[in-house]
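Input: a single structure, listed below in structure tokens.
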Amino acid sequence: MYGVVTLLADGGGGLDWSVVSAVNGLATSLPHAVDTALAFLGEYGVPLGSVLLLLAAWARARREKSAPVAVAGVLWAGLAAGLALLLNVPVRAMVERPRPFVAHPGQLDLLMSHQANGSFASDHATFTMALAVGLMLVNRRLGLVGIALAFFEGFLRVFMGVHYPTDVLGGYALGTATVLLLAPVAMAVLTPFTHALTRTALAPAVSAPRSRGTRGRTPGAPLQPETPEEPSQDLAA
């Protein structure tokens, strides 16, 4: 473990630096406006997209049959992302790895001004991957979109010259481990909590009100006149 920390603190080795140099070098062949747009996405846009994805998952979870459980899963995805960022604080302090533009001054095209704090692990990679993995536990399709965003974010952080690839991988690992290892305990606490909310004024935040005339209707299907329902055989049994 000590050897790994020492290696990271020293800059991660030639391969790590070679990848940063090559990926960041792509910026010199792109128009300045494109570089600026990609840097904005890497710093703000993709994390915001991940948050919007979380909100979309919450909106869908409210309409599930087991809405309290689904909403608890979405809630854990957001909480886990925040917790993973907090856990990264002592990791940064322990490793104290200089960022690529600090360790190799003047050799990178820094696309956005950035403070010279610890590089390992990447907060952006940690946050986006934690949200993505959390969403995978609730909604596979949205989770896959989230993972694609996390991978894109990792590429952008290297492209911008502010992180090494191993910083990004470390963030992915931290975000994933936080979500999966603590999920059983978190869901054991959050599921009763969301169930309890359904009995309060905050119930609409957990379960979307269902229209009486559209109950059981296939989305997009025309409304049919209501007919008296026959007694259910299952209930009669």
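A viscosity of 1.002 mPa s and a temperature of 20 °C, combined with the Kirkwood radius over Cα pairs in Stokes-Einstein, give a translational diffusion coefficient for region 2-202 of 121 µm²/s. Computed over neighbours whose Cβ is under 14 Å from that of A130, the net charge equals -2, Lys and Arg +1, Asp and Glu -1. Remark: the Q115-A56 segment gains 18.0 nm on full extension, using 0.36 nm per residue and subtracting the alpha carbon distance. Sorted on the mean count of surrounding Cβ atoms within 10 Å across their residues, most packed first, peptides 125-137, 160-172, 91-103, 55-67 read 125-137, 160-172, 91-103, 55-67. Karplus-based coupling profile of region 51-58, in residue order and whole Hz: 5, 5, 5, 4, 5, 5, 5, 5, with θ = phi - 60° in 6.51 cos²θ - 1.76 cosθ + 1.60 and x standing for Gly or Pro.
Couplings for region 95-102, taken from phi via the Karplus curve 6.51 cos²θ - 1.76 cosθ + 1.60 with θ = phi - 60°, read 7, 6, 8, x, 5, x, 6, 8 Hz in order; Gly and Pro are left as x.
Every read-out reported here was derived from the displayed coordinates using simple, explicitly stated rules and does not represent laboratory data. Everything numeric in this text was worked out from a predicted model, so none of it was measured. Here the Cβ is made from the backbone with ideal geometry for all residues, glycine too, and neighbour counts use every protein chain on show.
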